[in-house]
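What follows is one structure encoded as C-alpha cells, with my remarks underneath.
The values are calculated or read from the model by the stated rules, or taken from the named source; none is laboratory data. Keep in mind that what you see is a predicted model, and the values were worked out from it rather than measured. Reconstructed Cβ throughout: ideal geometry from the backbone, glycine too, with neighbour counts over all protein chains shown.
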There are 2 protein chains.
Amino acid sequence: MSEYDIVVVGAGVIGLSTAYHIKCRHPNLKVLVVDKFNAAGQGSTAKSASAFRCLFSSYVNYMLSDSSVDFYIYVQEKMNVDLKLSKVGYLWLLCEDDYKELNPVLRDLASKNLNYKEYEADELADKLGLVVHLADDEEAELMGLKDVYKGIFIPKAGIVDADCIVKFYESEFLRLGGEIHYGVKVENILVEPCKPLGIPDEPFFWQESRVSGVKTDAGVLKAKKTILAAGAWIPQLLDTVGIECFIKPRKRQIFAVQTNKPLLKKLLFTKGFNSAGCIPFTILPKPRIYARPFPTEGVFWLSYADDFPRAFKLEENPQPEKNFYECGIYQVLVKYFPQFKDCRPYSAFAGLYEINTLDGHPVVFEENDLLVAGGASGSGIMKADAIGRVAAALYEGEKYALLYGDRKFKVSDLSIKERNIELEKLQI
Amino acid sequence: MSEYDIVVVGAGVIGLSTAYHIKCRHPNLKVLVVDKFNAAGQGSTAKSASAFRCLFSSYVNYMLSDSSVDFYIYVQEKMNVDLKLSKVGYLWLLCEDDYKELNPVLRDLASKNLNYKEYEADELADKLGLVVHLADDEEAELMGLKDVYKGIFIPKAGIVDADCIVKFYESEFLRLGGEIHYGVKVENILVEPCKPLGIPDEPFFWQESRVSGVKTDAGVLKAKKTILAAGAWIPQLLDTVGIECFIKPRKRQIFAVQTNKPLLKKLLFTKGFNSAGCIPFTILPKPRIYARPFPTEGVFWLSYADDFPRAFKLEENPQPEKNFYECGIYQVLVKYFPQFKDCRPYSAFAGLYEINTLDGHPVVFEENDLLVAGGASGSGIMKADAIGRVAAALYEGEKYALLYGDRKFKVSDLSIKERNIELEKLQI
C-alpha cells in the first residue's frame, strides 16, 4: 500500500495541468497521477476538436480561456514547444434572429475592446462559395435551415493539438519529479474516519469521515488529498460516495473528410482570414454544425454538439455512428457548402463530453479531502491551464488563483456552494 | 398501440396526485397511469416514514406542505376517508450551536404567527427520561455526540398513512374514469419528430422533436403528454433522452422496534404533547436520528437520512442493513434514550429517496411534451397534493397553481430554468 501527498485520477489535459501546477508550487510533494489508459490524454482529450476561442460574454469563460491560450502561446513561442497552435480564427455564421439577439452582446464586447469583425452574408458567399440564401431550396426549408445573415469573425481563436498540450504537461510534471501510473483503473473512492476508533466496518455515519485515496485494479493508493479529474467518469466515481458534481457524459463524434476535390481544397485554403491562409473554424447556423480546418493535413473535421434527445450515457468505448454523418451532418453541411457534395469521411472518432448541467462551466470544488476538477463541457482544452491553476489554488486554500498573465481569479466562483457564474450569451 | 392524452409514469403518491388533479379538471381526457409494481404506492411511497410538518423557513416548503396537509385533513375530516393522520407534532432536539444558529429563523417564523413551542432541556429530561447531558459519557464524547440544549415542538406536524393517501388518490382517479395499468415497466421514452418526414430513423438532430410516449414491456403507449413521476427512477429514464432533472437516488432505511418493555412503552405514550397521548415525531441532535411514534401499533420507527459517504445508487430492491441499525442508529439513540437499551428491530425496510441535489425541493418542469414531477427529497408524502396541483397547472400552461385553500403558487418556482427557491434554514 503506497501513500502519497496527492493522487490525481485522470491523466487527461485537466488532470495533468492540475498535477503540473501543484507540483510546480511544491516540488517536494509526492504527487501521483493514475489513468486507466496506457498513455496521457487517451480519454476524451484525444477525441476533442482541439479548438479555442477567447471571445465570450461571460467573464469566467473569457478569463479561463484567454489566460490558458496565452499560456499555450507562451509555451509555443517562448519555450519553443510546438503545440501546433494556429490562430486561424472562428467564423460564426448567424441567421437573422440569432444575430439580432447577439447584437447587443457583441456591441458590449466591442466597447470593452474585445476584438471581432462582422461580415455581410454576400461577402462570405463570394469569399467562401457559401450558400447564404436557402429560400429556393425546398428541402432546406423542410429541414428548418435558416439563411446566413451575418458572419462574426473572432481572430483570437483557432486550433491547437490536444496531444501536444497533454505531452507538454506530462513531461514537465515528470521532470519536476511527479509520478504517473498508466493502465491503472480506479474502482472506488476510499473513505475512512477522520478519527479512527479501530472498530471493524468504520466509518459509521456518526463519525466524521474523509476520502483517503482510491482503490485501483493494481491495489490501494492512499493520499492526503485525492483529486478527481476523470472527465466524464467523475460522476460515476462520486456517486459511490454520494457527492453531486452536476456532470453528465454525452457522446461527441468527429468525422474527418479529405479535400481531394479542387473545390473543397480551395475552400480549406481560403485566404484573407488569417496568416495560415486557411478557412477559420466555421460554425453554421442552427443546428450549428461546425467545420474545423486541419490545413497541415489537408482535411476538415466535421462535428455537431448534440442536444435533446441524445442520451447522457457513459460508454467505455464510444463509437461514431454512420447515420450521424450521413443523415445528420452531411445533409445540413452540403446545403451551405456545396463543395462537400458526395464527401464521405475517411475516418471518424467519438469521445465523451463531460457536460456541466448547471451552466456549462467547469466545476472545481473540494469536499472531505476530495478535490474535483472537471465539467468543462467541451471547452477542456482551451481552459485546461486555468482550471489546473484554480485547482492548485484550491489545494493551497487560497481565495484567488493567479492565472497566466498575473490575472486574479476567485477560486470559489467555480465551486458548487458559492458558485458565481454569469450566463454565457455567446453560446455556440 | 394505444394512444392517450396523458400517460403518467409512476403510481406513487406524486404520480397519482398529479393524475387525479388533471383528471378532476378534465374528466374527458384519456389519462393512463402505469407502474411496474402490482399496486399503488409500492415503490418509495410504501417505504416512507410517513410524517409531516408545516413549519419551514422557506416559503415554497411551507406552502407545499401546509396546503397538502390541510387537504389531507379535509379528506379525513370532511370526506370521512381515514388517512390515519394524527397531529402528534414534531419534537426537534437541538444542541446549543444549532439552537443559536436557528434562533433568528425561529423568531422570524414566530413573528409571522407560525406556531412552535420551545422546551428547556431539563423539562424534556423530566418529561421523556431523555439524557440531555452527555458530559460524563466518554463513549458519547468519542462519538462526537452533543448535549441537548433546547427542544422545539412543532404542533402542526405528525404522522399519516402513506398507503391511505395513495389509495385515496387512486380510487378518486378511477372513479373519474382514469385508467391504471399495474405490472407494466417503462423501458424507454419515445421521441418522434414534431413534423415527421417519413424518413427511416428520424428524428435527426436537425429536426425539432418531442416525447411521444413510452415503450413498456407490454408495448408502446403513445401520449400527447408524457408525465414522469417515477421518483428515484426519473433520472435513469431522462438520461436516455439527455434531460437533466438534478435528482439522485439514495437509500432510506427504517427499523421498527416494539415497545414490549415498560420503560419504552411509557416513552411511546408520553402525555402532554398532543391529544393522541404519545411522544411526538422526535429528532435527536446531529447526526439527527429520528424516532417516529406508531402509537396504534405500539411501536417506534427509527431512521436516519444519510449523507456523505453513502452512495447515490439506484437499486431495484434496496435492503436494510443490519449494521446500519446496530452500529449506527442504536449506538446514538441509546445515549439519549436509555429506554431503548438492548432493543433490536423486529422488522426493517428500505426504499429510495429521490434527492434533488440543487436545493432539496421538488422539481416540476416540462420539456418537449415531457412533464417531470419529482425530487421531493424525502418530503413526497407531505407535499404530494400540492405537487400534483402544480403539475396539473403546468399541464394547463397556467402561470399560477391554486393549492388547497385557494393559495396561489407560481408554477415556474419549481421549474429548472426559472427556479426560485429560498434556502431552507429549518433543515432536519
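Here are a few things to note about the model shown:
- A single member of B:K266, B:K286, B:K271 is under 30 Å from B:Y149 (Cα atoms), free of Cβ contacts under 8 Å to residues at least 12 places away in the same chain and either buried (at least 23 other Cβ atoms within 10 Å of the Cβ) or not assigned by TED's automatic domain parsing to the domain that holds B:I22 (or both), and it is B:K271.
- Among the residues of the range B:175-197, those that are in a loop (DSSP other than H, G, I, E, B) and either of a type in the set (A, V, I, L, M) or outside the structural domain of B:K225 (by TED's automatic domain parsing) (or both) comprise B:L176, B:V184, B:L197.
- Single residue of A:A49, A:A39, A:A19 found to be in contact with a helix residue (DSSP H, G or I) (Cβ under 8 Å, 6 or more places away or on another chain) and either closer than 17 Å to A:A232 by Cα or of a type outside the set (S, T, Y) (or both): A:A19
- Search result, residues across the range A:228-273 that are assigned to a loop (DSSP other than H, G, I, E, B), more than 14 Å from chain B (Cβ to nearest Cβ) and closer than 30 Å to A:G213 by Cα: A:A229, A:A230
- Selected residue [surrounded by fewer than 23 Cβ atoms within 10 Å (Cβ to Cβ) and of a type outside the set (S, T, Y)] from A:D385, A:D369: A:D369
- Counted residues, the range B:344-395 - those being under 23 Å from B:I6 (Cα atoms) and among the polar types (S, T, N, Q): 1
- Taking the criterion of being away from chain A (no Cβ under 14 Å), at negative phi and assigned to a loop (DSSP other than H, G, I, E, B), the residues of the range B:274-288 that qualify are B:N274, B:S275, B:A276, B:C278, B:I279, B:P280.
- Condition met for B:D406 (free of Cβ contacts under 8 Å to residues at least 40 places away in the same chain, more than 14 Å from every other protein chain (Cβ to nearest Cβ) and farther than 25 Å from B:L55 by Cα): no
- Applying the criterion of being surrounded by 19 or more Cβ atoms within 10 Å (Cβ to Cβ) and of a type in the set (V, I, T) to the residues of the range A:289-320, the residue that is nearest to the other protein chains (Cβ to nearest Cβ) is A:I289.
- Top-ranked residue of the range A:392-428 - restricted to ones that are surrounded by fewer than 16 Cβ atoms within 10 Å (Cβ to Cβ) and among the aliphatic types (A, V, I, L, M), ranked as farthest from A:I154 (Cα to Cα): A:L402
- Count - residues of the range A:321-341 that are more than 14 Å from chain B (Cβ to nearest Cβ) and touching a helix residue (DSSP H, G or I) at 6+ places or on another chain (Cβ under 6 Å): 3
- Residue count for the range A:218-227, restricted to those that are assigned to a strand (DSSP E or B) and either of a type in the set (A, V, I, L, M, F, W, C) or in contact with a His (Cβ under 6 Å, 6 or more places away or on another chain) (or both): 4.
- The lone exception for A:I355 - which of (1) aliphatic (A, V, I, L, M); (2) within 12 Å of chain B (Cβ to nearest Cβ); (3) out of contact with any Ser or Thr (no Cβ under 8 Å at 6 or more places or on another chain); (4) not in a helix (DSSP H, G or I) it fails: (3)
- Looking across the range A:110-140 at every residue that is in contact with a helix residue (DSSP H, G or I) (Cβ under 9 Å, 6 or more places away or on another chain) and of a type in the set (A, V, I, L, M), the one that is farthest from A:Q427 (Cα to Cα) is identified as A:A135.
- One residue alone among B:L370, B:L414, B:L402 is under 14 Å from B:H21 (Cβ atoms) and either modelled with pLDDT under 95 or of a type in the set (A, V, I, L, M) (or both), and that residue is B:L402.
- Cross-chain or 6+ apart pairs with Cβ under 8 Å, the range B:311-333 first and outside any helix (DSSP H, G or I), then among the β-branched types (V, I, T) and crowded, with 21+ Cβ neighbours inside 10 Å: B:F312/B:I355; B:P320/B:I254
Table: residues versus (1) within 27 Å of B:L403 (Cβ to Cβ); (2) in contact with a Phe, Trp or Tyr (Cβ under 9 Å, 6 or more places away or on another chain).
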residue	(1), (2)
B:T282	no, yes
B:D306	no, yes
B:L352	yes, yes
B:L358	yes, yes
B:P362	yes, no
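- The number of residues in the range B:195-227 that are within 11 Å of chain A (Cβ to nearest Cβ) and polar (S, T, N, Q) comes to 3.
- Of everything listed in (1) more than 27 Å from B:P293 (Cα to Cα); (2) in contact with a Pro (Cβ under 6 Å, 6 or more places away or on another chain), the single unmet condition for B:V33 is (2).
- Which listed residue, of A:Q207, A:Q236, is of a type in the set (S, T, N, Q) and in contact with a Gly (Cβ under 8 Å, 6 or more places away or on another chain): A:Q207
- Restricting B:L93, B:L128, B:L114, B:L124 to residues that are surrounded by 13 or more Cβ atoms within 10 Å (Cβ to Cβ), under 20 Å from B:Y62 (Cα atoms) and of a type in the set (A, V, I, L, M) narrows the list to B:L114.
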